[in-house]
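Peer 1: My questions all concern the structure below.
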Amino acid sequence: MERILVLTVAAFHFFMLSGFCSGANVGVCYGRNADDLPTPDKVVELIRLHNIKHVRIYDSNIQVLKAFANTDIDLLVGIPNSDLLPLSQFQSNADTWLRNSILPYYPATKITYITVGAEVTEAPNNVSAMVVPAMQNVFTALKKAGLHQKIKVSSTHSLGVLSRSFPPSAGAFNSKHALFLRPMLEFLAENDSPFMVNVYPYYAYVDSSNNVSLDYALFESSSEVIDPNTGLLYTNMLDAQIDAINYALTGLNFKTIKIMITETGWPSKGSARENAATPDDAQTYNTNLIRHVMNDGGTPAKPGQGMDVYIFALFNENRKPGLDSERNWGLFFPDQTSVYNLDFTGRGAVSRPPDANITSSNGTWCIASTTASEADLRNGLDWACGPGNIDCSAIQPRQPCFEPDNLASHASYAFNSYYQQNGASDVACSFGGVGIRTNKNPSYDNCIYMTLGMNSTGASNSTMNQQAAKPSSSVGTASFVSAGVLGRLLVASLAYLVVAHTSAETH
């Protein structure tokens, strides 16, 4: 499958909704198992550019922690399995780790969770017995520093912790993990920490495609399935998997513990036999996932209970072992271009493929909202003229669209250029809510606004100076685009099966 170069995604951003039935956050997993990724500073620029407010990292790398300073991004910091032994043995080791790895960067770097170990029940060496002692020692270290109420401690799991997951109401933890899980659950309940789990409907489909429909895994099916024990209706694989955990928790009398999805996603490329690992399927899953999580307000067994989700992953990681799909879970290529278009605004349909036959913009243009803040306009303008790959020479000094020399005018020109060059779709005019569509042609004098199909260099019918011009003060380094409001999509299912699959990934 050829690499699809989608240079950018308009309004690729995340937003936290408040209210009774939501309160959920969507973040992204920043793994670094690759040798071609941007520097942490550049990565943070990309993250801020798309207004991603919640990020999971897998260790306490100093350069990464420094890069997130003063960004107001909530950070979930991981302690790898290789560090569990010393942290579980002595309190002094946990105190030292906190003093050296967290305290020098907090609170400038906004750390909100520490995950102690990752999928330990699937680790090749048995480290599960070390997890709870390590968690307790890290918690005690945080308490000594007065941070135990601000930074929560937990650990991440695969669905392999379950012995049964179908139907969801029969969900139960595997008894072989009882000595490890019960004290952990007691710790989580006592300290109001979430049960963190990595959930992959993709693997459920791949492992049992005869029983699980692709549409069910992608939130795209057209019917509902009833849990025979509860009568609850399920419309997608993710809800079924999460409720299997909810019932497993309830079975051990820990029904008040909330669940956080610390990894989920869909690969965009795979080997010849990985037929579902495509950009279209990845786009569909992640788009529908966000709409579902942010707007459905929980699962059938826990309606109205918001649930935080981290999408795996920010980048394709070329050093991950295994099948081709293991290296292609990213939303971005290492050069920071998008792997596929996504509508994270929730306001439109799933974006058309890059090669779709688009012939008309229906006489519409995209301009800056009159109510947008200067900061949001500047960030959107910087992005459009930078990563957005738009020709912004027309708004440079002495060029046709430079006057009036103000932020709103320059942003309108850049927003429209991106909008027209990317299919004139709703999402291409979002810019985090500061772009609006209009039926009135905003062209004036010699400043001609593009329409769909116009050559990007023909923005004006006047003769343009092609010399490199000094950038206007309003065109600068890319930063973030403000968030937009996420909409809702109800989906249904044809098949019903929850398959526990170990992701067994090295991040």
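Peer 1: Take the residues of the range 96-124 that are open to solvent by 30 Å² or more (accessible area, probe 1.4 Å) and small (Gly, Ala, Ser): which is nearest to residue 79 (Cα to Cα)?
Peer 2: 118
Peer 1: For the range 285-313, name all the residues that are of a type outside the set (Gly, Ala, Ser), open to solvent by 20 Å² or more (accessible area, probe 1.4 Å) and farther than 18 Å from residue 263 by Cβ.
Peer 2: Residues satisfying the conditions are 295, 296, 300, 302, 303, 305.
Peer 1: Mind checking which residues of the range 55-94 are among the aromatic types (Phe, Trp, Tyr) and within 22 Å of residue 317 (Cβ to Cβ)?
Peer 2: Those that are among the aromatic types (Phe, Trp, Tyr) and within 22 Å of residue 317 (Cβ to Cβ): 58, 68.
Peer 1: Out of curiosity, is residue 175 open to solvent by 10 Å² or more (accessible area, probe 1.4 Å) and not hydrophobic (A, V, I, L, M, F, W, C)?
Peer 2: So residue 175 passes the test.
Peer 1: A further question follows. Filter the range 222-264 for residues that are in contact with a Leu (Cβ under 7 Å, 6 or more places away or on another chain) and without any contact (Cβ under 8 Å) to a residue 40 or more places away in the chain and give the result.
Peer 2: Result: 226, 255.
Peer 1: Of the residues 427, 434, which is open to solvent by less than 50 Å² (accessible area, probe 1.4 Å) and farther than 17 Å from residue 341 by Cβ?
Peer 2: Just a single option satisfies the conditions, and that option is 434.
Peer 1: Looking only at residues that are small (Gly, Ala, Ser) and open to solvent by less than 10 Å² (accessible area, probe 1.4 Å) in the range 222-271, which one is farthest from residue 320 (Cα to Cα)?
Peer 2: In this case the residue turns out to be 248.
Peer 1: Right, next: Answer yes or no as to whether residue 129 is closer than 27 Å to residue 342 by Cα and of a type in the set (Gly, Ala, Ser).
Peer 2: Against the criterion (closer than 27 Å to residue 342 by Cα and of a type in the set (Gly, Ala, Ser)), residue 129 does not qualify.
Peer 1: Also, quick follow-up: Does residue 83 satisfy being open to solvent by less than 40 Å² (accessible area, probe 1.4 Å), over 18 Å from residue 191 (Cα atoms) and more than 21 Å from the chain's Cα centre (by Cα)?
Peer 2: It is false that residue 83 is open to solvent by less than 40 Å² (accessible area, probe 1.4 Å), over 18 Å from residue 191 (Cα atoms) and more than 21 Å from the chain's Cα centre (by Cα).
Peer 1: Right, another one. When the residues of the range 178-190 are filtered to those that are of a type in the set (A, V, I, L, M) and out of contact with any helix residue (DSSP H, G or I) (no Cβ under 8 Å at 6 or more places or on another chain), which remaining residue is least open to solvent (accessible area, probe 1.4 Å)?
Peer 2: Selected residue: 188.
Peer 1: Then there's this: Look at the range 131-164 and say how many of its residues are surrounded by 23 or more Cβ atoms within 10 Å (Cβ to Cβ), outside any helix (DSSP H, G or I) and of a type in the set (Gly, Ala, Ser).
Peer 2: Looking only at that region, the number is 3.
Peer 1: Restricting attention to helices (runs of 4 or more DSSP H) lying wholly within the range 173-221, give those where 1 or more residues are at pLDDT below 95 and among the polar types (S, T, N, Q).
Peer 2: none
Peer 1: Here are some conditions: (1) outside any strand (DSSP E or B); (2) among the aliphatic types (A, V, I, L, M); (3) under 19 Å from residue 262 (Cα atoms). Residue 85 meets all but one. Which one does it not meet?
Peer 2: So residue 85 meets the others, but not (3).
Peer 1: Could you please tell me which pairs satisfy a Cβ distance under 7 Å, a separation of 6+ or placement on different chains, a first residue in the range 146-171 that is at positive phi, and a second residue that is open to solvent by 10 Å² or more (accessible area, probe 1.4 Å) and of a type in the set (Asp, Glu)?
Peer 2: Matching pairs, first to second residue: none at all.
Peer 1: Which condition number does residue 193 fail, the rest of (1) touching a Leu at 6+ places or on another chain (Cβ under 7 Å); (2) surrounded by 20 or more Cβ atoms within 10 Å (Cβ to Cβ); (3) of a type outside the set (Phe, Trp, Tyr) being met?
Peer 2: (1)
Peer 1: Condition check: of a type in the set (Val, Ile, Thr) and in a helix (DSSP H, G or I). Does residue 116 satisfy that?
Peer 2: no
Peer 1: Right, another one. In the range 265-280, which residues are of a type in the set (S, T, N, Q) and free of Cβ contacts under 8 Å to residues at least 60 places away in the same chain?
Peer 2: The answer is 271, 275.
Peer 1: Same structure, new question: Just to be sure, is residue 459 part of a loop (DSSP other than H, G, I, E, B), of a type in the set (A, V, I, L, M, F, W, C), under 24 Å from residue 332 (Cβ atoms) and modelled with pLDDT under 85?
Peer 2: No, not satisfied.
The values are calculated or read from the model by the stated rules, or taken from the named source; none is laboratory data. For clarity, every value in this text was computed on a predicted model and none was experimentally measured. We place every Cβ from the backbone using ideal geometry, glycine too, and count neighbours over all the protein chains shown. All accessible areas refer to the heavy atoms of the entire protein, side chains included, with ligands and DNA or RNA removed. Shrake-Rupley method; radii C 1.70, N 1.55, O 1.52, S 1.80 Å.
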